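Notes for the one structure printed next.
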Protein chains: 2
Amino acid sequence: MSNNADKPARGRPRTLQREHVLEIAVESYWTDGLTGVSIDEICRRAGVSKPGVYREFGNEDGLKQAALERYQSTILAPLADILTDDLSFDQALRKLTDFVLLDRKAHGLPAGCLQVATCRSKHTLGKRTRESVHKFGDQTLMGLEQWIDRAKSNREFAIEIPTRTAALYIDAQIATVMELQQQGVAQDELKRVFKLALTVFS
Amino acid sequence: MSNNADKPARGRPRTLQREHVLEIAVESYWTDGLTGVSIDEICRRAGVSKPGVYREFGNEDGLKQAALERYQSTILAPLADILTDDLSFDQALRKLTDFVLLDRKAHGLPAGCLQVATCRSKHTLGKRTRESVHKFGDQTLMGLEQWIDRAKSNREFAIEIPTRTAALYIDAQIATVMELQQQGVAQDELKRVFKLALTVFS
DNA sequence: AACTTAAAATACTGTAAGGTACTTATTTAT
DNA sequence: ATAAATAAGTACCTTACAGTATTTTAAGTT
């Protein structure tokens, strides 16, 4: 978004670090919920002034949307990759399982999933954030469908299960694990639940 | 909570209809979310004054807790009954399916489940509401575990699936359907997803 | 050096919402 | 009839917070 050495730039140079603010915003929304942290608080945590944030992101909806997109393109990118990389169905399922069952707490990450949490607080979202979360949700579902269709054509997947149904089911199981992890369910129990969920395909 | 003709009562008699306010509160929180509707708005919808609500429920946490408990004891009671009634596992599963897949929209009810929604907005809950939602969640899980254990002893349930794992799984599948229904997924698709989820037991 | 441009930060405004003080009304007790 | 008790309701207080006007600062331009 900013010009790096291209244009000399006219007035006072920017010092507000968009990336830093976004990192703080992602962590804050992820940890405290989208309605659990104010812009003032994010500014305090990031060590920036409020008008700076408004100059950069427009309004609260803009900040939330940008934070969500950053979360999608960093934290959730591996998931999209698993579905598009041309792995065998079982390999992909293993990688998916590893991704979902990652012990976020042990890695210093907040529990749960910002995408899932955002999707579930539709009532309080601005327009842009809502569109963003919806778009990504649709894309993920499409990715799952294409992945399943490929598996079907490779005879790696039970043909009698409708593709969309299977995609919705897997999507839901991923969200479920994220939820349970956030609720503090032990990792080994999570693993058993997710593995049980996957037995519908074997 | 109020005395029915027992004590004569001293001062001005109550006219605030606790039950009516609770109905409105349940519907409001259910429809608009626990953070999506203010006490002012609930007062307006119920046609009562704010101090009346505070006299009756103490504070917002008290109102939310009372609304949640009412939801649990009315809307969710059938679910608890299914688990404790001494049905065969398959019969119980059929009744459970009917309950979960009830087309709430077609019955003039809000979509989704207030218990699930409340459980998922822990960040913004008061102490009493949090305790209430947690307690009911635990009870439900225990009910599921006992139901599964009974089914195991009747050889109606695969012994190799740990009881707690199965209970967490079923609980999660119910919540999933509630979520998907709230998101507007078609009823027949919902049905396919839930039936697919149940195939892990057969 | 004076002027222009644009970002930084302080300090402010407006509003929504939780909660309450105070007045008014309706009952029982003496 | 008067007093006591207690609920009802209006009008208010306080705070949190989204958003902004205004001033200050740091650059480029002439």
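The values are calculated or read from the model by the stated rules, or taken from the named source; none is laboratory data. Quantities reported herein were computed from a predicted structural model and do not represent experimental measurements. Note that each Cβ is placed from the backbone with ideal geometry, even for glycine, and that neighbours are counted across all protein chains shown. Accessible surface is based on the protein model in full, side chains and every heavy atom, while ligands, DNA and RNA are left aside. Shrake-Rupley method; radii C 1.70, N 1.55, O 1.52, S 1.80 Å.
A few notes on this one:
- Test: residue in the range B:104-116 that is facing chain A (nearest Cβ under 10 Å) and part of a helix (DSSP H, G or I): yes
- Enumeration of residues in the range A:140-159 that are open to solvent by 40 Å² or more (accessible area, probe 1.4 Å) and more than 22 Å from residue B:199 (Cα to Cα): A:142, A:146, A:150, A:153, A:154
- Within the range B:122-131, being of a type in the set (Val, Ile, Thr) and open to solvent by 30 Å² or more (accessible area, probe 1.4 Å) holds for one residue alone: B:124.
- Number of residues in the range B:93-103 that are open to solvent by less than 70 Å² (accessible area, probe 1.4 Å) and not in a loop (DSSP other than H, G, I, E, B) equals 5.
- Scanning the range A:117-126 for residues that are within 18 Å of residue A:38 (Cα to Cα) and either within 11 Å of another protein chain (Cβ to nearest Cβ) or not in a loop (DSSP other than H, G, I, E, B) (or both) yields A:117, A:118, A:121, A:122, A:123, A:124, A:125.
- Residues being within 15 Å of the chain's Cα centre (by Cα) and either among the small types (Gly, Ala, Ser) or more than 14 Å from chain B (Cβ to nearest Cβ) (or both) - total across the range A:28-41: 2
- Pairs where the first residue, in the range B:50-75, is in contact (Cβ under 8 Å) with a residue 40 or more places away in the chain and the second is loosely packed, with under 13 Cβ neighbours inside 10 Å, C-beta under 7 Å, 6+ apart: B:61/B:127
- Yes/no for residue A:167 being more than 14 Å from chain B (Cβ to nearest Cβ), open to solvent by less than 20 Å² (accessible area, probe 1.4 Å), in a helix (DSSP H, G or I) and at pLDDT 95 or above: no
- Looking at B:67, B:80, just one residue is at pLDDT 95 or above, away from chain A (no Cβ under 14 Å), open to solvent by 30 Å² or more (accessible area, probe 1.4 Å) and away from DNA strand D (no atom under 16 Å from the Cβ), and that residue is B:80.
- For the range A:137-154, the condition of being under 14 Å from the mean Cα position of the chain (by Cα) and within 11 Å of another protein chain (Cβ to nearest Cβ) holds for at least one residue.
- Within the range A:188-202, residues that are facing chain B (nearest Cβ under 7 Å) reach partners that are of a type in the set (S, T, N, Q) and part of a helix (DSSP H, G or I) with beta carbons closer than 7 Å, at six or more positions or on different chains, in the pairs A:189/B:165; A:192/B:165; A:193/B:165; A:196/B:165; A:197/A:173; A:200/B:199.
- Take the conditions (1) within 14 Å of chain B (Cβ to nearest Cβ); (2) surrounded by fewer than 16 Cβ atoms within 10 Å (Cβ to Cβ); (3) of a type in the set (Phe, Trp, Tyr); residue A:54 misses just one of them, which is (1).
- Meets criteria (assigned to a helix (DSSP H, G or I) and over 20 Å from residue B:177 (Cβ atoms)) for residue A:173: no
The rows are residues; the columns are (1) in contact (Cβ under 8 Å) with a residue 12 or more places away in the chain; (2) crowded, with 19+ Cβ neighbours inside 10 Å.
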| residue | (1), (2) |
| --- | --- |
| B:85 | no, no |
| B:88 | yes, no |
| B:91 | no, no |
| B:114 | yes, yes |
| B:133 | yes, yes |
| B:137 | yes, no |
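- Residues of the range B:20-51 that are open to solvent by less than 40 Å² (accessible area, probe 1.4 Å) and within 12 Å of DNA strand D (Cβ to nearest atom): B:21, B:39, B:43, B:46, B:48.
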